[in-house]
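Throughout, read-outs are computed from the coordinates displayed, never taken from laboratory work. Here the structure is a predicted model, which means the values were calculated and not measured. All Cβ positions, even for glycine, are placed from backbone atoms using ideal geometry, and neighbour counts span all protein chains on display.
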Amino acid sequence: MKIRVLRYFLETARLGSITRAAERLYVTQPTLSRQLKALEDELGKQLFERGSTSIRLTDEGRLLKERAEDILSMVDRTTAEFKALDDFTGGELYIGCAESQGIRYIARAVHHLQAQYPRVRLHLHSGNAENVCERLDHGLLEFAVIVRDVDVTRYNCIEIPHRDIWGLIMRQDDPLAEKTAITLDDLIGVPLICSREGMSAEHPKWFGDRMDQLNIVATYNLLFNAAIMVREGMGCALSFDQLVDTGIGSGLCFRPLEPTLLAPMYLIWRRHQTFTPVGQRFLDALKRQFEGGNQDA
């Protein structure tokens with residue numbers, strides 16, 4: 001399977017037209033058609049359903065599209081890394097992260113690096129721990145920021161001096177909004193919208209054997225859409241503080257859990273990993289923040 005042919009396949013899949021893809025790729029239409037047919041023969045699967053004016057992916061084609069995007073991303077990243085080895089002027093930095101106010105430490109380190117090397121460019125992938133760790137394991141990310149305890153058998157890490165506070169986001173007209181903090185008893189029977197990561201990590205510690213008493217009506221991995229569901233009256237969302245607007249006019253409010261439930265934050269990377277030049281400089285810049293006492297939480 002050739003990289004060039006994968007690029008042909010991906011461009012054709014994105015455009016949904018062999019004619020348009022051939023024009024974009026500066027090849028003739030018969031040449032592109034032959035290359036795609038040879039790829040199907042090599043894999044033993046039909047990748048496209050061909051119509052009179054357009055084509056669309058089969059199930060097998062959609063699977064290859066997903067894999068091709070990852071493969072080509074890795075190829076492009078590797079090429080850029082080797083170009084940067086001899087004379088460092090910048091580079092591409094790939095970091096996965098959870099939603100958290102603590103990401104400011106990452107932003108500060110990258111900003112400091114870009115002040116010295118303007119050609120440094122950050123590619124941020126937001127997601128929960130499961131999602132970003134999978135991409136980290138596959139080499140698509142150099143670092144990940146997670147807000148849960150680290151499996152030190154799989155990753156190296158440094159702790160970021162920030163703790164996120166778990167609490168309940170609700171409509172301002174919800175009866176629970178009159179409370180200053182939310183207890184476990186308050187949540188029994190309440191329609192809850194829960195973080196999938198929280199349900200597998202922090203929530204069992206806090207709820208204990210009463211997890212099965214919760215009325216979970218929806219789950220989420222990023223909070224923006226969950227906040228919309230709260231506004232529409234579907235329920236209340238268990239979340240970190242300060243991730244959505246809960247000020248005057250927002251229609252929402254936040255109340256912390258009682259007893260307090262805090263989530264740790266770590267920057268992680270694969271064990272025995274060789275850093276890219278930009279990755280090493282980023283890590284050094286991040287560590288200098290903590291050594292210099294710039295650790296406001």
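Using the Cβ-Cβ distance between Arg24 and Gln116 with R0 = 45 Å, the FRET efficiency computed as 1/(1 + (r/R0)^6) comes to roughly 0.75.
Estimate the FRET efficiency between Gln46 and Glu178 by the formula 1/(1 + (r/R0)^6), using the beta-carbon distance for r and 51 Å for R0, to the nearest 0.05.
Numbers: r = 61 Å, r/R0 = 1.20.
Plugging the Cβ-Cβ distance into 1/(1 + (r/R0)^6) gives 0.25.
Show me the chymotrypsin sites (Phe, Trp or Tyr not before Pro) within segment 1-50 that DSSP assigns to loop and that have at most 15 other Cβ atoms within 10 Å of their Cβ. Before the final figure, lay out each step's value.
Values: sites: Tyr8, Phe9, Tyr26, Phe48; in loops: Tyr26.
The qualifying sites are Tyr26.
Taking other Cβ atoms within 10 Å as a rough exposure proxy, Asp59, Asp186 sort from fewest to most as Asp59, Asp186. Each Lys or Arg adds one and each Asp or Glu takes one away; over the other residues whose Cβ falls under 9 Å from the Cβ of Gly102, this sums to +1.
Restricting to the chain, compute how many DSSP beta bridges are antiparallel as a %, nearest 5. Before the final figure, lay out the partial values.
Numbers: 23 of 42 bridges.
Around 55 percent of the beta bridges assigned by DSSP in the chain are antiparallel ones.
Non-local lysine pairs in the chain, meaning eight or more places apart or on different chains, with alpha-carbon distances under 16 Å, amount to 5. Computed over neighbours whose Cβ is under 13 Å from that of Glu69, the net charge equals +3, Lys and Arg +1, Asp and Glu -1.
Rounded to the nearest 20 Debye, what is the dipole magnitude of the chain about its Cα centre when Lys and Arg each give +1 and Asp and Glu each give -1 at the C-beta? Mind showing how you got there, number by number?
Numbers: 36 positive and 41 negative charges, 259 e Å.
The calculated dipole for the chain is roughly 1240 debye.
Only the Cβ atoms of Lys and Arg (+1) and of Asp and Glu (-1) were treated as charged; on that basis the dipole of segment 3-80 about its Cα centre amounts to roughly 220 debye.
What is the sum of charges, Lys and Arg at +1 and Asp and Glu at -1, for the other residues whose Cβ falls under 11 Å from the Cβ of Gly198?
Values: positive: Arg148, Arg196, Lys205; negative: Asp164, Glu197, Glu202.
Charge balance near Gly198 sits at 0.
Take every DSSP beta bridge whose two residues both sit in segment 164-261; close to 55 percent of them are antiparallel. For trypsin sites (Lys or Arg not before Pro), no site in segment 174-224 is both called loop by DSSP and has at most 11 other Cβ atoms within 10 Å. Taking other C-beta atoms within 10 angstrom as a stand-in for reagent exposure, His203, His125 fall in the order His125, His203, fewest first. Label separation (Glu60 vs Phe224): 3.7 nm, computed from points 7 Å beyond Cα along the C-beta direction.
With helices defined as uninterrupted DSSP H runs, which ones in the chain have an alpha carbon span along their own long axis of at least 30 Å and mean Kyte-Doolittle hydropathy of at least 0.0? Before the final figure, lay out each step's value.
Values: long enough: 59-83 (37 Å, -0.80).
Once both thresholds are applied, nothing remains.
Roughly what would the spin-label model give for Glu11 and Leu262, points 7 Å off Cα along C-beta, in nm? The answer from the label model is 5.4 nm.
Of the GluC sites (Glu not before Pro) found in segment 174-261, those in coil by DSSP whose Cβ has at most 15 other Cβ atoms within 10 Å are Glu232.
Each of [x] 41, 24, 16; [y] 42, 28, 17; [z] 44, 29, 13 is a candidate for semi-axes √(5λ) of the Cα gyration tensor in Å; the one calculated from this structure is [y]. Helical content alone sets the calculated 222 nm signal of the chain at -12500 deg cm²/dmol, taking -39,500 (n - 2.57) per DSSP H segment of four or more residues and averaging over every residue.
Put +1 on the Cβ of each Lys and Arg and -1 on the Cβ of each Asp and Glu in the chain; which of Val244, Met229, Ala107 then has its Cα farthest toward the positive end of the dipole? Highest projection toward the positive end goes to Ala107. The simple Förster model, with R0 at 51 Å and r as the Cβ-Cβ distance, assigns Ile165 and Glu69 a FRET efficiency of 0.90.
Arranged from fewest to most other beta-carbon atoms within 10 Å of their beta carbon, Ile165, Ile106 become Ile165, Ile106.
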